[in-house]
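Before any comments, here is the structure.
The values are calculated or read from the model by the stated rules, or taken from the named source; none is laboratory data. The structure presented is a predicted model; accordingly, all values stated were derived computationally and were not measured. We place every Cβ from the backbone using ideal geometry, glycine too, and count neighbours over all the protein chains shown. Remember, those area values only see protein heavy atoms, side chains included, never the ligands or the DNA or RNA. Shrake-Rupley method; radii C 1.70, N 1.55, O 1.52, S 1.80 Å.
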Amino acid sequence: MESSKGFSSDVAPQRPQAGREPAAVPSEWYGVALPLALILCFVVGLGVGLYALFSLRQAMTQERGAALAGTAADVADRLDSLLFERYVDIRALADHAVLRNGTPDAQSGVLRRYQEVSDNYAWLSLTDAQGRVVAASREILRGRDMSGEDWFLAVSETEHVHLGRAQQAPGGGGLIGVTFSAPVSGQDGEFLGVVAGLVALDRLRAIIDEGGNVRYGSRDGEALHWLLVDQNGVILSESGDQARHDQPAGNLLDLKVPSVVRAAMGEPGAQGFVEESHYRRLSPVVTGYARTPSYRSFLGFDWTVLVPRDRDQVYAPINRLVWAVGGMGLLLIVPLTGFGLWASRRLLRDIAQRKLAEQRLDDLAYYDPLTGLPNRRLFMDLLMQALARARRTDRLVAVLFLDLDRFKLVNDSLGHGVGDILLKTIAIRLSGCVRATDTVSRLGGDEFTVILEDLTGAEDAARIAQKVLDVVAVPVMLDGHEVFVAGSVGIALYPTDHEDRDALIKSADTAMYSAKEEGGVFRFYAAEMNTRSFERLTLETGLRHALQRQEFVLHYQPLVDFRVGTMVGVEALVRWQHPERGMLSPDKFIPLAEETGLIVPLGEWVLRTACAQIKAWQDGGFPHLRVAVNLSRRQFQQKNLVETVARVLWETGLDPRSLELELTESLLIQDAEGTIAMLKALHAMGIRLSIDDFGAEYSSLGYLKRLPINTLKIDQSFVRDIATNANDASITKAIITLGHCLNLNVVAEGVETEGQAAFLRAQRCNEMQGYYFSHALAPASLGQLLESWKPGLVGRAPDSSKGNALTSA
């Protein structure tokens, strides 16, 4: 083999021939190339790393900002709920009978007890119409002149509930609270004064601190800083460690966060975050903000919650990583990749864990904690998605709105714990009776919804609705009690009824109320239901004014001792002389009065009017006549019922033995000890007590033995067919026998025929009432009947040409 020739400096290098080894590269090239390659790799890696870090910083800013905005929104929701509860409180206090008519000492006692029960108020006060404090939870306030306070001026001018500006401590110190106030009106609507309460900002601060730390506390244990500002930018309060309890309120508009103010002062309910300098920190911050929802704005306030976080703390995980990677990169480039992968995986794992933790918290925000079903917020989102899919596939979607009948009775009778178990049981049953593609949600209370997708026709929705009613109707064993509940279901279809989500929900709700009127059925939405809903609203509005306008009247139905043909008493039955719809029977408005709470003043009016009328008839020559008055559930739940009845008897001069109070069986099973004490107090006064519609609800021999009952009234559903139905006849006989064995007076209701009357007389029923003897009559007509009554004349008119005298009188 020929020897190789070297390279000369003046001859171009030749390409090595085949079979010859290439020339060696000088070692100086490696000394240059390797550092250049390392530098290039470092520069490229640095650039990629910086871009990745920048992107990651942006993503973390967005993530953390959204989290802080969520915190602010949660705090705003908590604040909104708390203030709305105070709104309800102050409304209830304004309607308190003692605050309207009581003495100053009694009124102060009510305010003190209310403040002791609730830890939300710094003080409660009641002024007269001129603004002088006549009663207060704190004695030092009595006698003060509040006529110049903004809350008194606002309420006295508008006569509406008012939320005042934040109150400042004496001497120009820090803010101490906000004032709720409401007008106190007399029976005729006259302005009597103002009840007011100061909600301490310390209480708001505790609620907000608790909400922020629980949901978005930092991993190193540092509590989040928050500020609460009003619509003018005034700082009302701050988190515990930052709170300036003894300093005058600052103004956010004077601080270095103008964009926060501009953003937060936008639309009601707006939320988001901004990144800028903070007025107390040198480093920039990320600030989440949220306004209170607009549906509370009628109270007169709009507050904004700010939740700032130092940007350095937001970027702390990345900053630590940058220093670690940079130091290691300067020392050793080769292991940089491995270290970077390890660090990235660790960072990603931390982020994944944090995401998982936040997801769990989000579950609490989107799912009902009691049943585990989607809550209202998630239901609204899922329904929107279902409607979007239905538009693409041209299929039907149905919304089922379920309301449990008699759930409130279970809750009141057996306790909220048992009620919660019932709701869980119903939730499990509902989830098991629908398809996997359907969604069951709980909106709150005893209201559930079901979203049915991919339907071919309305009959599919009807079939599932019936399954829902069937599973709800299955009895449940709760705390040793077999509980029966039923449901009412309203159905609205997309796109048949509506294409808009909110309109679809409203239609299903309207249909549910229509079904509830019949009970235990389902109903599809129909356009005419809106008319009924409007009529119901109109009826409720008229009902609120009917008492003041003296539109209610009482009719009286005789109670007859059939054995001797003597009228021994009457039952007072209320009627509504509606200015447009004429005379309305109780079934048209009593349920609405129960629901709205108007039954309490209406019931007291009925009691007073009936007692006054029976006293007039007694003075007119019928001294042994007594009157029976029905008590509603709402009336029976009033703590001052005994005092109210005693006051009415004293005012009318009626002997307590001439008054009989009628109670339903369902009233007697709730709060057994309290019921027994109240009934014994009424009985001790000499008042007669009767059980109305006996046998139709929760008949129990236990309470007959324990309660001071005088009379059993047999429900007319048993009396109606006693002449033709052996079962009804047997039940009626048993009730009469039971009553006599317990030395109770037995009254049969709904007696309409001579055959019914003859059967009851044969069974020695003490008294009867019904159309066979007389309809319910106006006072003047009943007075004529009393004058013309002849003992022994029952069911036959003195003048046969006029039919039954008792009916036509």
Self-check item: Filter result for residue 423 (over 17 Å from residue 377 (Cα atoms) and within 19 Å of the chain's Cα centre (by Cα))
Solution: yes
Exercise. For residue 537, state whether it is free of Cβ contacts under 8 Å to residues at least 24 places away in the same chain, open to solvent by 70 Å² or more (accessible area, probe 1.4 Å) and of a type in the set (A, V, I, L, M).
Key: yes
Self-check item: Entirely in segment 370-482, the helices (runs of 4 or more DSSP H) that have 3 or more residues that are open to solvent by 30 Å² or more (accessible area, probe 1.4 Å) and within 30 Å of residue 674 (Cβ to Cβ)
Solution: 407-414, 416-433
Exercise. Would you point out the residue of segment 601-616, among those that are of a type outside the set (Phe, Trp, Tyr) and open to solvent by 40 Å² or more (accessible area, probe 1.4 Å), that is modelled with the lowest pLDDT?
Key: 601
Exercise. Please note which strands (runs of 3 or more DSSP E) are completely contained in segment 78-168 and include at least 1 residues that are open to solvent by 40 Å² or more (accessible area, probe 1.4 Å), at pLDDT below 85 and in the same structural domain as residue 185 (by the TED database).
Key: 162-168
Quiz item: Taking residue 519 and the conditions (1) surrounded by fewer than 17 Cβ atoms within 10 Å (Cβ to Cβ); (2) under 21 Å from the mean Cα position of the chain (by Cα), which numbered condition does it fall short on, given that it satisfies the others?
Solution: (2)
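Please return the ranges of helices (runs of 4 or more DSSP H) entirely within segment 520-631 where 2 or more residues are of a type in the set (Asp, Glu) and either closer than 30 Å to residue 489 by Cβ or in contact with a Ser or Thr (Cβ under 7 Å, 6 or more places away or on another chain) (or both).
528-546, 590-596
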Practice problem: Tally the residues that are modelled with pLDDT under 85 and farther than 23 Å from residue 485 by Cβ, restricting the search to segment 678-699. | Solution: 0
Quiz item: In segment 500-516, what residues are at pLDDT below 85 and more than 17 Å from residue 407 (Cβ to Cβ)?
Solution: 514
Quiz item: residue 746 versus (1) surrounded by fewer than 18 Cβ atoms within 10 Å (Cβ to Cβ); (2) at pLDDT 90 or above; (3) not in a loop (DSSP other than H, G, I, E, B): which is the lone unmet condition?
Solution: (1)
Self-check item: In segment 550-600, the residues that are surrounded by fewer than 16 Cβ atoms within 10 Å (Cβ to Cβ) and at pLDDT 90 or above
Solution: 553
